[in-house]
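Right, one structure below, let's go through it.
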Number of protein chains: 2
Amino acid sequence: MLSVEEALTQLLADIVPLPVEEAPLLECLDRVLARDAVADTDLPPFANSAMDGYAVHAADTSGATGGDPRRLPVVGEVAAGDPGTTPLTHGTAVRIMTGAPVPPGADAVIPVEQTHAREGAVDLLAAVETGASIRPAGDDARAGQRVLAAGAVLRPGEIGLLASIGAARVPVHRRPRVAILSTGNELVPVEQVPGPGQIRNSNASMLAAQVLRCGALPVELGAARDSRESVHAALDAGRGCDLYLSSGGVSVGDYDVVKAVLEERGGIAFWRVNMRPGKPVAFGRIDGIPFLGLPGNPVSSFVTFELFARPLLRKLAGHRSLARQVVPVKLDEPVRGAGPRRNYVRALARWEADGWHAATTGAQESHLLRSTVAANALIVAPEGGGDMAAGAQAMALLLDWPESDT
Amino acid sequence: MLSVEEALTQLLADIVPLPVEEAPLLECLDRVLARDAVADTDLPPFANSAMDGYAVHAADTSGATGGDPRRLPVVGEVAAGDPGTTPLTHGTAVRIMTGAPVPPGADAVIPVEQTHAREGAVDLLAAVETGASIRPAGDDARAGQRVLAAGAVLRPGEIGLLASIGAARVPVHRRPRVAILSTGNELVPVEQVPGPGQIRNSNASMLAAQVLRCGALPVELGAARDSRESVHAALDAGRGCDLYLSSGGVSVGDYDVVKAVLEERGGIAFWRVNMRPGKPVAFGRIDGIPFLGLPGNPVSSFVTFELFARPLLRKLAGHRSLARQVVPVKLDEPVRGAGPRRNYVRALARWEADGWHAATTGAQESHLLRSTVAANALIVAPEGGGDMAAGAQAMALLLDWPESDT
């Protein structure tokens, strides 16, 4: 049986980031920059004032105090947005606003709070040094300098930086399109009332939500019936996707036709991964497109998505960091091992002054969605490691970063 | 001067969650459930088999072993999706697939691996107990039971659970619409090359990205010029929003007309908050709609958004947890205090075996976006607390949950 790590390594081996597209800046949020971003101008583009005050020669303020001010004639005014090209001569001052260009010749700004305005002049109540309250041109970046490297994840700060260098459209890896297929005669659409023996196709919605959470685009193919024709038709409908994701239909039952269809259309490996929950996971290619088959039990489907589909989708999207953070937690209660298998136990992790703590969210059978709903983490009970006692330290994979209460 | 906490308390005091709308299930991802969700059927709706095998009376397996099997006639077969209403009589077995309804009268399933198929019969190679490999109806939830409470955040697990109870449309709080206004004669659109004295309006894009990250919808009003008419027109264009968010224009310069317009159209308070970065923050109502005025420096704008706008938007969206997590970090290097003010220092926090560590991201002047880009956290240097030494413990507000490398 494969370990989780071995399965993931095999899964990711042939996956390469999707092609690059130029997308409008805001649509690039949380995506991955595909080429280095270079400043087209200095940032800031010109020396500007950090304060409202007076642009001066620092030398003209020498020795100034409240009791012994220096008086300079005010020969002009420059506001933010003005070109600000009139030079300042020694012995004069120019009224200047925050963000306005520093006049050529001026080498300091004295804040308005340290001045006293007079008719046509200003009294300076303090001395300032060369460069005071001036933001030099190119202080943040020089024209031609790389400000973001390919591979950067575009968070709000990066979006702001790209805006400042005029990147209205940005080269990013295309978002993965994920065709989601459920299989089983028992499945009816969410909006339908199930008849005898039927259940709603809840996995498709859950997987679509997990796909969205990865920044990828779900394409729901609906539920195929347990017939070759139905599965073929569903796969055909998914053409153009970057990943086929199925739930159900890859176990060992007599009615599992998916397996047969997969073997006809591609090279599919059926893996037994040494974990619980999670029965066989299937991986391969269908018509050349990666295919990942998850178990049909909702909880197994949820957990195997997190462990396998999410890193795969992040790699397709160009991300370099692929896995959820795993942190040490102190257990509130005993946690069962799964014998020789690794057990992923749904849990609620919380941060306290002395570190992370975690409690399980109740019964762990793989058809129980409610204990998944309550969870924000998976406690990892190592393969062959036996049960763990209350108070013991374990590792937990964090599914959500919890926000704290105000 | 107000503390950050006092300012936030005042800001949130009059904010109530937005009205409820019924949205398609997937559009509710990461939003807040506005009414309790109740199961319309048992979950699962019927007792079903957890395994491929044979439905039997447990009593009929008593004493069975590999060496001394029990042979039962196989009187039928039930697959997932079959109604499964034919009752099972004592002394017989029914072939059953995973997820198929357990026939009335059967009280256990014996997995196929513990059987040996014969012509028209099956040999049972082990004894099973009553209830074995059966998932009872209502095991996850009972019809009429509340499965999610109002206020729940709808993550993928919750989406799956709602799908299983037929919630194709879900009552959630409306997404906040945020009108984003920048002010300043110096601002040109991102796609334009700035002329002398001009800079690109990068704050609008950055704030829009921050708004999106809160699950809210940005409406960019563009940059208003420093004239009453221009600011009035921009505010008019934002009608119908749930929050006005401005950057710039609320400081003390002669050219700050925003302030005057705000005072004409609403009750606006100008606050000095005891923090750095972050000059005066303005808060109040414009034509009855909340208004939050952030400083114009990109970094001040970024940080004050995180501290003030984000909790406000989360409250509007119905969230109950409003603030970012704050964790103890060990400092890699000395961190400057900001004298009597609280200093928020851009930093890169990382998780190590012994807890969180953090390093600053370089120069901290409030016009330097590049040190924001490198940051995933803000180290909090307490007001009046002085400088902190390398190796000291400090608190840090986490802006991003870092993904780890695989």
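Filtered by the rule that a residue be away from chain A (no Cβ under 14 Å), in contact with a helix residue (DSSP H, G or I) (Cβ under 9 Å, 6 or more places away or on another chain) and closer than 15 Å to B:L18 by Cβ, the stretch B:176-188 gives B:P176, B:A179.
Every residue, every condition in (1) more than 14 Å from chain B (Cβ to nearest Cβ); (2) over 30 Å from B:G355 (Cα atoms); (3) touching a Phe, Trp or Tyr at 6+ places or on another chain (Cβ under 9 Å); (4) not aliphatic (A, V, I, L, M), yes or no:
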residue: A:G267; (1), (2), (3), (4): yes, yes, no, yes
residue: A:R272; (1), (2), (3), (4): no, yes, no, yes
residue: A:R276; (1), (2), (3), (4): no, no, yes, yes
residue: A:A282; (1), (2), (3), (4): yes, yes, yes, no
residue: A:P290; (1), (2), (3), (4): yes, yes, yes, yes
residue: A:L294; (1), (2), (3), (4): no, yes, yes, no
residue: A:A309; (1), (2), (3), (4): no, no, no, no
residue: A:V329; (1), (2), (3), (4): no, no, yes, no
residue: A:P334; (1), (2), (3), (4): yes, no, no, yes
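The residues listed here are B:V20, B:V16, B:V109; of these, the one that is surrounded by fewer than 16 Cβ atoms within 10 Å (Cβ to Cβ) and either among the acidic types (D, E) or modelled with pLDDT of 95 or more (or both) is B:V16.
Taking the stated definitions as given, is A:D140 of a type in the set (D, E) and within 17 Å of A:V258 (Cα to Cα)? Judged against the criteria, A:D140 is not a match. Annotation note: of B:R320, B:R341, the sole residue that is within 30 Å of B:A152 (Cβ to Cβ), touching an Asp or Glu at 6+ places or on another chain (Cβ under 8 Å) and either within 8 Å of another protein chain (Cβ to nearest Cβ) or surrounded by fewer than 22 Cβ atoms within 10 Å (Cβ to Cβ) (or both) is B:R320. Taken over the stretch B:1-23, the criterion of being among the acidic types (D, E) and not in a strand (DSSP E or B) is satisfied by B:E5, B:E6, B:D14.
Among residues of the stretch A:357-371 that are basic (K, R), those with a beta-carbon under 7 Å from a residue that is modelled with pLDDT of 80 or more and crowded, with 20+ Cβ neighbours inside 10 Å at least six positions away or on a different chain give the pairs A:R370/B:D140; A:R370/B:A141; A:R370/B:V147; A:R370/B:L161. For the stretch A:328-368, filtering for residues that are over 27 Å from the mean Cα position of the chain (by Cα) and not in a strand (DSSP E or B) leaves 15. Among the conditions (1) surrounded by 23 or more Cβ atoms within 10 Å (Cβ to Cβ); (2) touching a Ser or Thr at 6+ places or on another chain (Cβ under 8 Å); (3) touching a residue at least 12 places away in the same chain (Cβ under 8 Å), the only one that B:G160 does not satisfy is (3).
Just one of (1) more than 34 Å from the chain's Cα centre (by Cα); (2) assigned to a helix (DSSP H, G or I) fails for B:G195. It is (2). Out of all the residues in the stretch B:214-221, is one or more modelled with pLDDT of 95 or more, touching an Asp or Glu at 6+ places or on another chain (Cβ under 7 Å), among the small types (G, A, S) and surrounded by fewer than 22 Cβ atoms within 10 Å (Cβ to Cβ)? Yes - at least one qualifying residue is present in the stretch B:214-221.
Each residue in the stretch B:12-36 was checked for being in contact with a helix residue (DSSP H, G or I) (Cβ under 6 Å, 6 or more places away or on another chain) and more than 9 Å from every other protein chain (Cβ to nearest Cβ), and 2 pass. Residues considered: B:V261, B:V303. Of these, the only one that is away from chain A (no Cβ under 14 Å), at pLDDT 85 or above and buried (at least 21 other Cβ atoms within 10 Å of the Cβ) is B:V261. Would you confirm, using the coordinates I've provided, whether B:A204 is aliphatic (A, V, I, L, M), in a helix (DSSP H, G or I), over 21 Å from B:H232 (Cβ atoms) and in contact (Cβ under 8 Å) with a residue 24 or more places away in the chain? Spelling it out, it is not the case that B:A204 is aliphatic (A, V, I, L, M), in a helix (DSSP H, G or I), over 21 Å from B:H232 (Cβ atoms) and in contact (Cβ under 8 Å) with a residue 24 or more places away in the chain. Of all residues in the stretch B:58-90, those satisfying the criterion of being without any contact (Cβ under 8 Å) to a residue 24 or more places away in the chain and more than 14 Å from every other protein chain (Cβ to nearest Cβ) are B:G67, B:D68, B:V75, B:T89. Of the residues making up the stretch A:51-77, those that are assigned to a loop (DSSP other than H, G, I, E, B), surrounded by fewer than 18 Cβ atoms within 10 Å (Cβ to Cβ) and at negative phi are A:S62, A:T65, A:G66, A:G67, A:D68. Counting only helices (runs of 4 or more DSSP H) that sit wholly inside the stretch B:210-327, those with at least 1 residues that are in contact with a His (Cβ under 9 Å, 6 or more places away or on another chain) and within 24 Å of B:L8 (Cα to Cα) are B:258-265, B:298-304, B:310-316. Got a sec? Which of B:R310, B:R336, B:R350 is touching a helix residue (DSSP H, G or I) at 6+ places or on another chain (Cβ under 8 Å) and either surrounded by 21 or more Cβ atoms within 10 Å (Cβ to Cβ) or not assigned by TED's automatic domain parsing to the domain that holds B:A34 (or both)? The match here is B:R310.
The values are calculated or read from the model by the stated rules, or taken from the named source; none is laboratory data. Remember, it's a predicted structure, so these values are computed and weren't measured experimentally. A quick note on method: Cβ atoms are made from the backbone with ideal geometry, for glycine too, and the neighbour counts reach across all protein chains shown.
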